[in-house]
């Protein structure tokens, strides 16, 4: 009787364990070619009117199309618009649309969709795309495949407008009052991929659009898998559970680079990490008024050893920052040797001394003529340990120039409120930027105080140039103006640009071929193009995923079984 | 008599829940920060759009009106609109509740059974090798950091043995042709999180069980039972365990509630789409309605678990009633 029970238990255990086995590493030969990409941030909404996230931008680029897009050289190319012309006074754009495009539900795409989308975004002012349409006064459609866009003044960034075109036949039924909450649960687009399913907290699945007007993608199924921690994600890509991923830490990158099937890169991305000062010249500002003095802001920059922080905190992933627009962009301004403020404590001490900030009481902290010490609150984001470490190093070296920084760490939400209410001295945060400089330049304009501005900076000349640069159609000429703007910012230092960030990505090159970095030093994805999603092909003769060894399984099963039997024996003996 | 006791306990629980609702509501309101900035995230928003949003999320009313509206809606089962997800809170919470219940539930059952068993064996064999092994096992698993344990289990079972996937709840994007293959996939994903959580809990249960049982075993009535000539098995089952179960019931009841929100670590290691992570996201995004909804759920489950514990007591130990 007892022996029988033991055998039954043993068999059950073996059965249960073997049940798991086939499911995880089973052969995928009959399965479609699914590419799984590990990400660490979940899409905040499937509606382009609600989402403000980078992953949202990436996904909408796959589900939808814009009139013009950018190619792998980041140059504007035709997309939904076949070609375009500009009238003589440069305020009227005529886009000729493709006539072979269908929505994912089979409805034909027409100029009415474009007119509807642009008007919806201009009227509601919602989402991350409405800003691209700034300056447009009228959108009309003379026929089904022509769209005319009129602008107030020449619009320099018209061709960098990545605004997705949404289907009128779906969105016209939505009450404009509900735009802010309408979830767009089953997006219908024209893009290379169709929406399949979204499982909150787990993954987002897209499938190839067989009728895509630029040709069907080589990826049958594209799945963005959400990871709550990158250590597990790094293991997952090594094991082949996912085919690509982004947002690794430097040490994970090192271990991934050792794998033969995986290409792990540190990619330049458009973005930076900055130290922002509260430069607000307003009675309601709660900032330390000393920060309005450019000399103090400059002295702090002179005392920061950006390269060391980058090497120590970020393992050298990234590059030392100077001006507002990252060096990959055409509009980046590089300060001359005279202008450049690289790490130099003596220089910091000297300019403070010259400006009359002297340490009279000998406590190591300089004071102004009224005896107020140069002591500031330095707010850091508790969630970002790298920024906290960087902030600590900065406080350490700035102290050598006689300036005391008191570090406080807060959560993001609280910092946002401090920024909006002008109740801060300085903090570290970052920005991602576009190909076109308008959005990031706008952050520093006077009109954005209380909105996008997080330094409350104001400069009349800068504001003038900002309006001007939006209307200059010749890139070389526009570059000059944008350079002058960055020069002003660099000189007055409302921001200290600490680093231009890198994104650490990895892809499996044994299962997928055709990966291309965009630009040459850039990433495989989150690079503002959908090139890799549309062009990467499965390696047809890919070796099947290594299957879990049966021997190991049965050894485990046997050990467990023996242990159980042993336990039962013991119990019997105890009696 | 018994009916009256149960009724009294139920009433007490309801009163507690009400006070927690009131307390939670104001707790979140005194947190620093302006929720509007988190909802809108649109620096270009017009004054009109801001007005519209205030109205939509009920932020336009004075605070006491907001509170009464909240209470009124609550009784209709409406927990409000999540700031981040822009969807009803109940919908957002509902999609995350099952994964947590299944994972935590299984881990609880497993650890209760194994923990009690280990505790009993340990206490009965006090001082022997078996006791030493069980005791060290309990102490180690009770004290290791959950995060570390999870990573180690991934290293052994996913990387070393390649038996189980590292994370997630189902193989992402996979189409299942029948229920059995889906259950299999689910189970293989469930294994490591449940194992991790169980290991952490087993130690606690085993130690508590062992200690209380040791106390019971030295009681006079144990000697009496032995003197009556009952065999060991019978004494343990009928005399020792029921008496030792009382502190265990309390511990289990406390864990039942706390564990719903307290599995953030396990959910994070294995990317399990549960309530713990949702709560963390809500806190970070200052999504008051969502936080309140999750807190309410946790409150109710703690109180419910304690209510059940109270009632169970009265069956296990008739003295409790008086």
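The values are calculated or read from the model by the stated rules, or taken from the named source; none is laboratory data. Computed from a prediction, not measured in an experiment: that's the story for all the values here. Neighbour counts run over all protein chains shown; Cβ positions are idealised from the backbone, glycine included.
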Discussion item. Looking at (1) crowded, with 19+ Cβ neighbours inside 10 Å; (2) modelled with pLDDT of 95 or more; (3) within 24 Å of residue A:136 (Cβ to Cβ), which one does residue A:148 not meet, given that it meets all the others?
Written reply: (1)
Worksheet item: Could you say whether any residue in the range A:328-339 is under 26 Å from residue A:399 (Cα atoms), part of a loop (DSSP other than H, G, I, E, B) and free of Cβ contacts under 8 Å to residues at least 40 places away in the same chain?
Response: yes
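Given the condition closer than 24 Å to residue A:249 by Cα and either free of Cβ contacts under 8 Å to residues at least 40 places away in the same chain or surrounded by 18 or more Cβ atoms within 10 Å (Cβ to Cβ) (or both), answer yes or no: does some residue in the range A:346-369 qualify? Talk me through it step by step, then tell me what you get.
Filtering the range A:346-369 for residues closer than 24 Å to residue A:249 by Cα gives none.
The answer is no; no qualifying residue exists.
Given A:360, A:435, which one is more than 14 Å from chain B (Cβ to nearest Cβ), part of a loop (DSSP other than H, G, I, E, B), farther than 18 Å from residue A:279 by Cα and within 22 Å of the chain's Cα centre (by Cα)? Explain how you work it out, then say what you get.
On the way: A:360 fails: within 22 Å of the chain's Cα centre (by Cα).
Within the list A:360, A:435, the selection yields A:435.
Given the criteria within 12 Å of chain B (Cβ to nearest Cβ), more than 25 Å from residue B:149 (Cα to Cα) and without any contact (Cβ under 8 Å) to a residue 60 or more places away in the chain, does residue A:216 qualify?
no
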Discussion item. It is to be established whether one or more residues within the range B:16-27 are modelled with pLDDT under 85, at the interface with chain A (Cβ under 10 Å from one of its Cβ atoms) and in contact with a helix residue (DSSP H, G or I) (Cβ under 6 Å, 6 or more places away or on another chain).
Written reply: no
Discussion item. Quick check on my filter: what residues within the range B:66-94 are within 14 Å of chain A (Cβ to nearest Cβ), in a helix (DSSP H, G or I) and either buried (at least 20 other Cβ atoms within 10 Å of the Cβ) or more than 26 Å from the chain's Cα centre (by Cα) (or both)?
Written reply: B:89, B:92, B:93
Worksheet item: Looking at the range A:55-100, what strands (runs of 3 or more DSSP E) fall wholly within it and have at least 2 residues that are under 18 Å from residue A:435 (Cβ atoms)?
Response: A:68-70, A:76-78, A:81-86
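Across the range A:390-422, what is the total count of residues that are outside any helix (DSSP H, G or I) and within 22 Å of residue B:283 (Cα to Cα)?
If we filter the range A:390-422 for residues that are outside any helix (DSSP H, G or I), which is where we start, we get A:400-411, A:421-422.
Filter again for within 22 Å of residue B:283 (Cα to Cα), leaving A:408-411, A:421.
Counting residues in the range A:390-422 that are outside any helix (DSSP H, G or I) and within 22 Å of residue B:283 (Cα to Cα) gives 5.
On the given criteria, is residue A:128 modelled with pLDDT under 95, under 30 Å from residue A:92 (Cβ atoms), more than 14 Å from chain B (Cβ to nearest Cβ) and surrounded by 20 or more Cβ atoms within 10 Å (Cβ to Cβ)?
Against the criterion (modelled with pLDDT under 95, under 30 Å from residue A:92 (Cβ atoms), more than 14 Å from chain B (Cβ to nearest Cβ) and surrounded by 20 or more Cβ atoms within 10 Å (Cβ to Cβ)), residue A:128 does not qualify.
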Worksheet item: Out of curiosity, is residue B:75 under 23 Å from residue B:23 (Cβ atoms) and in contact with a helix residue (DSSP H, G or I) (Cβ under 7 Å, 6 or more places away or on another chain)?
Response: no
Worksheet item: Can you tell which of B:290, B:275, B:296 is out of contact with any strand residue (DSSP E or B) (no Cβ under 8 Å at 6 or more places or on another chain), more than 9 Å from chain A (Cβ to nearest Cβ) and within 21 Å of residue B:106 (Cα to Cα)?
Response: B:275
Discussion item. Could you check the range A:176-201 and list, in sequence order, the residues that are within 12 Å of another protein chain (Cβ to nearest Cβ) and not in a strand (DSSP E or B)?
Written reply: A:176, A:177, A:178, A:179, A:180, A:181, A:182, A:183, A:184, A:185, A:200, A:201
Worksheet item: Could you list, in sequence order, the residues of the range A:229-269 that are surrounded by 22 or more Cβ atoms within 10 Å (Cβ to Cβ), outside any helix (DSSP H, G or I) and within 14 Å of chain B (Cβ to nearest Cβ)?
Response: A:241, A:242, A:243, A:244, A:245
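Mind listing whichever residues of the range A:443-462 are free of Cβ contacts under 8 Å to residues at least 60 places away in the same chain and either surrounded by fewer than 17 Cβ atoms within 10 Å (Cβ to Cβ) or within 14 Å of another protein chain (Cβ to nearest Cβ) (or both)?
Of all residues in the range A:443-462, those free of Cβ contacts under 8 Å to residues at least 60 places away in the same chain come to A:443, A:445-448, A:450-453, A:459-462.
Once the filter is applied, which keeps residues that are free of Cβ contacts under 8 Å to residues at least 60 places away in the same chain and either surrounded by fewer than 17 Cβ atoms within 10 Å (Cβ to Cβ) or within 14 Å of another protein chain (Cβ to nearest Cβ) (or both), the range A:443-462 yields A:443, A:445, A:446, A:447, A:448, A:450, A:451, A:452, A:453, A:460, A:461.
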Discussion item. If I ask for residues that are at pLDDT 90 or above and within 14 Å of chain B (Cβ to nearest Cβ), which ones from the range A:411-430 would you list?
Written reply: A:424
Worksheet item: Only one of (1) touching a helix residue (DSSP H, G or I) at 6+ places or on another chain (Cβ under 9 Å); (2) in contact (Cβ under 8 Å) with a residue 40 or more places away in the chain; (3) within 15 Å of residue A:275 (Cα to Cα) is not met by residue A:377, so which one is it?
Response: (1)
Discussion item. Which of the numbered conditions does residue A:337 fail, given that it passes all the others? Conditions: (1) surrounded by fewer than 18 Cβ atoms within 10 Å (Cβ to Cβ); (2) touching a helix residue (DSSP H, G or I) at 6+ places or on another chain (Cβ under 6 Å); (3) under 21 Å from residue A:490 (Cβ atoms).
Written reply: (2)
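Hey, does the range A:29-38 have a residue that's in a loop (DSSP other than H, G, I, E, B), at pLDDT 70 or above and at the interface with another protein chain (Cβ under 10 Å from one of its Cβ atoms)?
Filtering the range A:29-38 for residues in a loop (DSSP other than H, G, I, E, B) gives A:29-33.
Filter once more, so that each one left must be at pLDDT 70 or above: A:31-33.
Filter once more, keeping what is at the interface with another protein chain (Cβ under 10 Å from one of its Cβ atoms): A:31-32.
Checked against the condition, which is being in a loop (DSSP other than H, G, I, E, B), at pLDDT 70 or above and at the interface with another protein chain (Cβ under 10 Å from one of its Cβ atoms), the range A:29-38 yields at least one hit.
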